[in-house]
Amino acid sequence: MNRKKVVLGITTLFLLLMAGQAFAAGGDGISAAIAKQLAVAPESVQVNAAPGYLGIPGGPHVGTLLAFGWALWVGWIFSTVGAFGGVMAAVGHMSVYGLGAYAKSFPKIMNADGKLMNAPLNSTITDSVRASNQMLVGLSSVISTFTYYRMKRLVLPLGIALGLGSILGAFGSATLTAGKLNFSSYQGYFGIFVLMLGLYLTWETSPAGQRSKSKAKEAAKAFEAAVKSKKTDGGAAPTGVQILKFTPTICQFTFCGVEFSFNPLLPFLGGLVIASIAAFLGVGGGFLLVPFITSVTQLPMYLAAGTSALAVLVSMITGITTLMLHGVMVDWQLVGIELAGVAVGSIVGPYTSRFFSDLWLKRIFILLALYVGVDYVLRGFFNYRIFG
């Protein structure tokens, strides 16, 4: 079967699933949210202004080129590194598009009992950003999973074990937090998790951290040498993943002549915890899955990207479905443009990743994590911006 037709088919299936969730969420949700906002803070909505994001009067308008260009970057970074797509999607929605500042323009209000509560539109925009982030990563993970599987750079049993745990984690977290998050708190916690990840990866790429990754280093060098000695024209790597043994208690496989093994129960539990955190943050979870895969199982980044994509796909479908069934809304005009950009970036990413060294991929990851982490902690908890 033609590869392009397969990619088009699974991409169309994903988009149809998302459209189905839109109908399930109902079309009157945003009108109800605006009515609630007007009831508690009538001056906060510019009722005579032109509709913007989500159809809210006076809401931000995001340019087509900006949305497509940023989504292209989201698709490329996720499909190249196997992570940070959701984080970059969140940065786009919160900072680049200005949705974060707009959500904060609806501060907490006092209810009849004298207690502070989240403004209806603040929570609506926060959950919308979370769901939109996951949709972009979901499409990227569909394309990336298929591409890496074809290139024999995906450990299928590991991805399935992570994915099964992700179903439970994503469902529980999305169910408990839908409609309850204030944007400032969401942004602050988002920054904490990303900052901790950047600090951990800084240690991991240090001499001490590198000494603990002997197998991953050996496999990475073997793969880089194979690419240099034989051009693949974007096809399968010269030596791919070969499964040797798979049971409920152990999985053994080789990559570039190096043998690896793991207990499937460990990634199942890891997927559960990681998906819980990712669903809370409204991201794919690749930024936690990749260090988990490279650290706990000692796999090189060349395998981590594809395996992470499969686990993220399962988590995204679960998380998005749960949020939508709880009435979360997205701006489909904006998301449609972004999905087109993500599709292009996701197709290009797997073929460009082989031109980057294993260590430098992680260092790019670290720079992004440290900046985003510090900036969002300051914005969310202290209302301080590093720039502007």
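The values are calculated or read from the model by the stated rules, or taken from the named source; none is laboratory data. The structure displayed is predicted, hence computed values, not measured ones. Note that we place each Cβ from the backbone using ideal geometry, even for glycine, and neighbour counts take in every protein chain shown. What goes into the accessible areas is simple: the full protein's heavy atoms, side chains included, and nothing from ligands, DNA or RNA. Shrake-Rupley method; radii C 1.70, N 1.55, O 1.52, S 1.80 Å.
Compute the distance in nm between two label points, each set 7 Å from the Cα along the Cα-to-Cβ direction, one at Val344 and one at Lys180.
With each label point 7 Å from Cα toward Cβ, the separation is 4.1 nm.
Against the 2.2 N^0.38 Å scaling, with N counting residues, where does the stretch 244-315 land? I'd like the Cα-based Rg ratio to two decimal places.
Rounded to two decimals, the normalised Rg is 1.11.
Mark the label point 7 Å from the Cα of Ile109 along Cα→Cβ and return the residues of the stretch 39-63 whose backbone N is within less than 14 Å of it.
39-47
Hey, what's the stretch 249-388 come to in accessible area per residue, 1.4 Å probe, Å²?
35 Å²
Could you calculate the contour length gain from Leu116 to Asn48, that is, 0.36 nm times the residue separation minus the distance between their Cα atoms, to one decimal place in nm?
21.7 nm
I need the shape label for the stretch 59-179. Rule: rounded when a/c is under 1.5, else prolate if a/b > b/c, else oblate, with a, b, c from the alpha carbon gyration tensor.
oblate
Multiplying the sequence separation of Thr64 and Val296 by 0.36 nm and subtracting their Cα-Cα distance, what value in nm do you get?
That pair, Thr64 and Val296, stretches by 79.4 nm at full extension.
What translational diffusion coefficient, in µm²/s and rounded to a whole number, does the Stokes-Einstein relation yield for the stretch 258-388 at 10 °C and a viscosity of 1.306 mPa s, taking the hydrodynamic radius as the Kirkwood radius over Cα pairs?
Working: Rh = 17.1 Å.
Value of D from the Cα-based Kirkwood radius: 93 µm²/s.
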